[in-house]
Every structure is written in C-alpha cells, then in structure tokens.
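Colleague: I have a structure I would like to understand better, so I am pasting it below and will then ask my questions one at a time.
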Amino acid sequence: MLSFDKAIFDLDGTLLDYEHEAHEAIKSVCEKYGGKKFSLAIHASIIGTKNEFWSRKLVTELGMTDLLTPEQLVHEYHERMEEACDRMKLLPGAENLLWELKSRKIPIAIATSSTREMVEKKLIHHPVFAECVDVIVTGDDPAVVNGKPAPDIFLEAARRLGCTDDFKRVIVFEDSPHGVLGGYRAGMQTVAIPDSRFYPFMSEENREIFEKNSSLVLKSLDEFSF
C-alpha cells in the first residue's frame, strides 16, 4: 500500500481513452495517402513521443515520404483529434478514483503534454474533472521548459498543489514509459497503467522502464487500492 498526500495524473491514456481515437486518426491519414497499414505494433513504438519524432518515423516507415511531409501528417492528425474530443471516454476506474481521492481530501493535479486548448476541449465533456481536479499543467505552460521524460511538468504540478520539497509524498499515475520516467525523476512515487492493447508490442527497453521506475504496475485504475 502506498502512502501519499497529493496525486498527479497524466490525462491521455491514463484518465481518457485517447489512444483509441489517436490510432483511428493516424490510420485514417495513412489510408488517405496510400501508406502502409498503421499497426498496433507501430503505434506502440511512438506512444509518448513528440510530434516531430513520431511523424518523421511514420512517414518513413509507412512509405509516405513522397506523399506528405511529417508536418502535414501532424496537422491532419490534430484536425481529426479535435473532432474526436467529444468521443473520448473515461478509462475504467478513472472517475471512481478521482471521487475517492476528493473524498479523502487529497489534492489532485493533471500534468499533460497536450496544449491548454486541447485539454479544455476534452475535459468539458466530463464534469468529474471540474469537480475533483485542483490544478492542470499543460505542455505549453511557460513553466514547463522540458517535456516528459524530464520531471519539469510533475514538479510544477506538485508546487501548484502546495508541495515544495517532500516530493516522495506525491503519487503520479501514468500510462507511458516517458511519463513514468518523468515522475520517477521528480522523486515521486509512480503508478504505471500501460495500455493492454499496446503493451505486448512495446520494446524491452520500455517494459524495463515500467518495471524499474514504477512503485506499482496495474492493468487499470480499477485495481488501485488504498
């Protein structure tokens, strides 16, 4: 059993089923330009990476170098994801855990690499966030100099929750290797919830990150207990 007095959650893939919509969006763009099939295995290799990395990788590996640029891929992907914001569902256990933390008077933050604009479009469809979440730090926040796996966003979220030094009392919930590593580097307890659809295709390196840098590895937030 983990002991903590503040909680930080990633958003996409941890609280919201973002990856399902992301997979369909990228698949749609690839089909439009006649690229090779966008598989779960390839998707697993880009989870948690920056736009400039995954777009270059996909354009090359899916044979679309002469069909569109990485920048075009990112643009069309984001267009589709904006349309999908109202379809994103809460992942199993997410709502119950948020309410349980609130009932225990444990402050809650969201630390996400998404932009503030996109976050607001996603959260508006789920009232539990407005009711339970105290702080939201996004990837485009000026205080976040370095993205995950750097610890910046977690440290900033903890500070805004009132924690300035004892980061061991903070718990981080993350679905990606980069997120888990960032929470660990911040000196916090980490709970990994890797997506079961992609975990079988993850590299040994990423699996090792989960195992070595997580206090717990769960199949879903439903499994978390106090």
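Each reported figure results from applying straightforward, stated rules to the coordinates on display, with no laboratory input. All of these numbers come straight from a predicted model, not from anything done at the bench. We place every Cβ from the backbone using ideal geometry, glycine too, and count neighbours over all the protein chains shown.
Colleague: Output the pairs from Lys6/Lys27; Lys50/Lys105; Lys32/Lys148; Lys50/Lys212 with a Cα-Cα distance over 27 Å in this structure; if there are none, say none.
Modeller: Cα-Cα > 27 Å for Lys6/Lys27; Lys50/Lys105; Lys32/Lys148; rest within.
Colleague: Helix 204-213 sits at what angle to the longest principal axis of the chain, using alpha carbons and giving 0 to 90 degrees rounded to 10?
Modeller: 10
Colleague: Right, next: State the dimensionless ratio Rg/Rh of the range 106-197 (Rg: radius of gyration of Cα atoms; Rh: Kirkwood radius).
Modeller: On the way: Rg = 12.7 Å, Rh = 13.5 Å.
Here the Rg-to-Rh quotient is 0.95.
Colleague: Compute the helix-to-body angle for 70-84: its Cα long axis versus the longest principal axis of the chain, expressed 0 to 90° and rounded to tens.
Modeller: Relative to the chain, helix 70-84 is tipped by roughly 60 degrees.
Colleague: Please work out whether the range 167-226 counts as rounded, prolate or oblate from its C-alpha gyration tensor, where a ≥ b ≥ c are the square roots of the eigenvalues and a/c under 1.5 means rounded, while otherwise a/b larger than b/c means prolate and anything else oblate?
Modeller: Judged from the Cα gyration tensor, the range 167-226 comes out oblate (a/c at least 1.5, b/c at or above a/b).
Colleague: Note down the net charge around Ile42, summing +1 for each Lys or Arg and -1 for each Asp or Glu among other residues with Cβ under 12 Å from its Cβ.
Modeller: +3
Colleague: Per DSSP H run of at least 4 residues, take -39500 (n - 2.57); add these up for the chain, divide by its residues and hand me the 222 nm value, nearest 500 deg cm²/dmol.
Modeller: Using -39500 (n - 2.57) per qualifying helix, the result is -12500 deg cm²/dmol.
Colleague: If you don't mind, another one. Most exposed first by the Cβ proxy, i.e. fewest other Cβ within 10 Å, how do Lys105, Lys212 rank?
Modeller: By the 10 Å Cβ count, ascending: Lys105, Lys212.
Colleague: Work out the length of the dipole vector of the range 142-226 about its Cα centre, built from +1 on the beta-carbon of each Lys and Arg and -1 on the beta-carbon of each Asp and Glu, and round it to the nearest 20 debye. Don't jump to the answer; show the numbers that get you there.
Modeller: Working: 10 positive and 13 negative charges, 40 e Å.
Its charge dipole is roughly 200 debye.
Colleague: Using the C-alpha atoms of the chain, what convex hull volume per residue, in cubic angstrom, is computed?
Modeller: Normalising the Cα hull of the chain by residue number yields 110 Å³.
Colleague: To the nearest 20 debye, what is the magnitude of the charge dipole of the chain about its Cα centre, counting +1 on the Cβ of each Lys and Arg and -1 on the Cβ of each Asp and Glu?
Modeller: With Lys and Arg at +1 and Asp and Glu at -1, about 360 debye.
Colleague: Work from the charge dipole of the range 19-86 (Cβ charges, +1 for Lys and Arg, -1 for Asp and Glu, about the Cα centre) and give the residue of His20, Trp54, His78 farthest towards its positive end.
Modeller: Trp54
Colleague: So, R0 is 45 Å and r is the distance between the beta-carbons of Ala150 and Gln72; what FRET efficiency does that work out to, to 0.05?
Modeller: The computed FRET efficiency comes out at 0.95.
Colleague: What FRET efficiency, computed as 1/(1 + (r/R0)^6) with R0 = 41 Å and r the Cβ-Cβ distance, is obtained for Ala41 and Asp165, rounded to the nearest 0.05?
Modeller: Values: r = 42 Å, r/R0 = 1.03.
The formula returns an efficiency of 0.45 here.
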